[in-house]
Amino acid sequence: MLDLRSKSIAQTSHPLAGYTGEEKEKGPASLKSQPKDLPTGDVLKAKILKSLRDLPPMPQVVFKVRQIMADPTSDLKKLSSIIETDMSITSKILKTANSAYYGLPGEVSSVEHATTLLGHRILGDIVSMAGISGLLDSALKGYSLEAGDLWMHALAVSFGSKILAKAKKPELENDAFIAGLLHDAGKIILDKLLLERKVSVDAFLEDDQQTFLHAEREILGFDHAEIAFEMCSKWNIPKNISVAIRYHHSPSRSQGDALSYILHIADYIATVSGIGICADDILYEVEDGAMEFLNITQKTVSDIVFEVIEHNSKMA
């Protein structure tokens with residue numbers, strides 16, 4: 001049985017409790033500049049989990065549309081009418097459908113038209129992008145990310161995940177796309193916390209072998225993948241997607257979950273592509289055994305890098 005409990009809740013003796021010895025060694029021995037009055041570890045995480053009740057809801061149209069599309073006898077007009085109940089998403093759908101990526105600039109004039117020209121499956125991807133984009137397009141000062149950086153990185157990971165899934169686990173293709181879009185959603189919660197602890201974060205990152213991921217674990221006591229998992233639970237995201245997001249930095253801890261490995265490699269591919277990354281992301285490494293698990297080579301990764309760059313440039 002897969003244990004979905006957060007390690008920082010189950011173990012409290014050290015901010016990095018539950019991680020491997022190698023991961024622990026990546027953190028400095030002390031954080032002299034850490035403000036004394038700011039909570040960390042389980043206390044801080046409890047406050048975050050309580051605050052998740054105030055999260056903006058995931059647009060329900062995203063899930064309603066995907067449920068309808070799962071039915072092969074679904075009605076086109078019913079699908080279009082549900083989407084059009086959300087005018088914000090409708091406008092984003094038309095903008096996306098008319099982007100260079102789909103090769104139909106200016107031709108798509110309505111949601112029903114988009115479905116006719118692009119098909120149900122592609123429309124599902126567009127609805128997902130339209131529903132999620134607003135959550136991820138703000139600047140994240142705690143991570144030194146400009147407005148749009150997180151969103152463009154999410155797009156790159158979603159494209160990479162879909163390509164990998166199509167080649168290795170076709171039945172996971174749709175879930176891989178959603179997981180890619182949401183994998184770093186936890187950063188929108190942790191951004192303010194890192195900014196409040198900027199002195200400690202900056203001191204930590206002076207060691208050029210440290211990353212924001214290591215800083216989250218050492219300074220806060222948990223990382224953005226843990227928080228994204230909790231956010232997905234709040235939004236009623238399917239569990240297999242939530243689990244992949246939880247373990248996308250450490251798929252070996254997922255008990256052989258294929259989607260976790262796909263998301264991990266796709267995140268690496270997006271980082272190598274240089275799309276929406278933090279300054280420390282040049283240190284991103286593929287976990288030992290991950291490429292072997294998916295039976296892919298470095299050449300496969302390199303080929304997908306170019307594909308992802310092309311996809312993202314057409315969506316810009």
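The values are calculated or read from the model by the stated rules, or taken from the named source; none is laboratory data. Treat the numbers as computed from the prediction; the structure is a model and nothing was measured. As a convention, Cβ positions derive from the backbone with ideal geometry for all residues, glycine included, and neighbour counts pool all protein chains shown.
Observations, loosely collected:
- Scan the range 218-255 for residues that are more than 20 Å from Arg66 (Cα to Cα) and touching a residue at least 24 places away in the same chain (Cβ under 8 Å) and the total you get is 21.
- Some residue of the range 251-269 being of a type in the set (D, E, K, R), crowded, with 16+ Cβ neighbours inside 10 Å and either more than 30 Å from Ala203 (Cβ to Cβ) or in contact with a strand residue (DSSP E or B) (Cβ under 8 Å, 6 or more places away or on another chain) (or both): yes
- Only listed residue being in contact with a Cys (Cβ under 7 Å, 6 or more places away or on another chain) and either under 18 Å from Val43 (Cα atoms) or not assigned by TED's automatic domain parsing to the domain that holds Leu123 (or both), chosen from Leu182, Leu190, Leu164: Leu182
- Residues that are among the aromatic types (Phe, Trp, Tyr) and more than 16 Å from Gly41 (Cβ to Cβ) within the range 210-223 comprise just one, Phe212.
- Pairs, first among the polar types (S, T, N, Q) in the range 104-132, second modelled with pLDDT under 85, C-beta under 8 Å, six or more apart: Ser110/Ser80; Thr115/Leu76; Thr115/Leu79; Thr115/Ser80; Thr115/Leu123; Thr116/Leu76; Ser128/Val62; Ser128/Arg66
- Evaluating Glu226 against the criteria (1) under 15 Å from Ala46 (Cα atoms); (2) acidic (Asp, Glu); (3) part of a loop (DSSP other than H, G, I, E, B) leaves one unmet condition, (3).
- Residues of the range 131-143 that turn out to be of a type in the set (Ser, Thr, Tyr) and part of a helix (DSSP H, G or I), as a count: 2
- Flag for Gly276 being loosely packed, with under 15 Cβ neighbours inside 10 Å and either of a type in the set (Gly, Ala, Ser) or not in a helix (DSSP H, G or I) (or both): no
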